[in-house]
1. Scan the stretch 12-44 residue by residue and report those that are open to solvent by less than 70 Å² (accessible area, probe 1.4 Å), touching a residue at least 12 places away in the same chain (Cβ under 8 Å) and either at positive phi or under 14 Å from the mean Cα position of the chain (by Cα) (or both).
2. Checking Arg52 against (1) buried (at least 19 other Cβ atoms within 10 Å of the Cβ); (2) among the charged types (D, E, K, R); (3) part of a helix (DSSP H, G or I), which single condition isn't satisfied?
3. Across the stretch 86-111, which residue is surrounded by the fewest Cβ atoms within 10 Å (Cβ to Cβ) among those that are out of contact with any helix residue (DSSP H, G or I) (no Cβ under 6 Å at 6 or more places or on another chain) and modelled with pLDDT under 80?
4. Please find, among Ser21, Ser54, Ser59, the residue that is in contact with a Phe, Trp or Tyr (Cβ under 9 Å, 6 or more places away or on another chain), under 30 Å from Arg102 (Cβ atoms) and either among the polar types (S, T, N, Q) or modelled with pLDDT of 80 or more (or both).
Amino acid sequence: MVGVTDRESEILELVKAGKNSPSQLAEKLGISQSGASQALQKLAGKGRLVKRKSGRSVSYETAQQSQDNGLYFLSQAYNALSQVWAYVMSIELPRDELRRARDARDTLENILAKKGPK
């Protein structure tokens, strides 16, 4: 695959095969859960994976799988908003602007929870 390492290609194949949580991936690859999370987040940042969050549970699917589920653009927006949120938390904002940013994030998370895979 263009733009990914051999290890990332291996991870993408495992995600396609259903190993889509950091703990499942860590077990399959014999790496730490933290290392698996970082690898999955990196692939999401490259647009190869889409992150799904339901409560405390996190899973990933390939961008193609996400498109097939009809949630691709919504998931991409969530991933972008997550990156924006990380930045927002690193700077000082007035309380009302921080509240609006938090409300936008929460709204999108609620939409994903309702429309995500059951």
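The values are calculated or read from the model by the stated rules, or taken from the named source; none is laboratory data. Here the structure is a predicted model, which is why all the values come from computation and not from measurement. Neighbour counts run over all protein chains shown; Cβ positions are idealised from the backbone, glycine included. The area values use the complete protein model at the heavy-atom level, side chains included, leaving out ligands, DNA and RNA. Shrake-Rupley method; radii C 1.70, N 1.55, O 1.52, S 1.80 Å.
1. Leu12, Val15, Asn20, Ser21, Pro22, Ala36, Ser37, Ala39, Leu40, Leu43, Ala44
2. (3)
3. Looking only at the stretch 86-111, we keep the residues that are out of contact with any helix residue (DSSP H, G or I) (no Cβ under 6 Å at 6 or more places or on another chain), and these are 86-87, 89-100, 102-104, 106-107, 109-111.
Restricting the remaining residues to those that are modelled with pLDDT under 80 gives 109, 111.
On the way: Glu109: 16, Ile111: 14.
Ranking the qualifying residues of the stretch 86-111, first place goes to Ile111.
4. Details: Ser54 fails: in contact with a Phe, Trp or Tyr (Cβ under 9 Å, 6 or more places away or on another chain); Ser59 fails: in contact with a Phe, Trp or Tyr (Cβ under 9 Å, 6 or more places away or on another chain).
Just a single option satisfies the conditions, and that option is Ser21.
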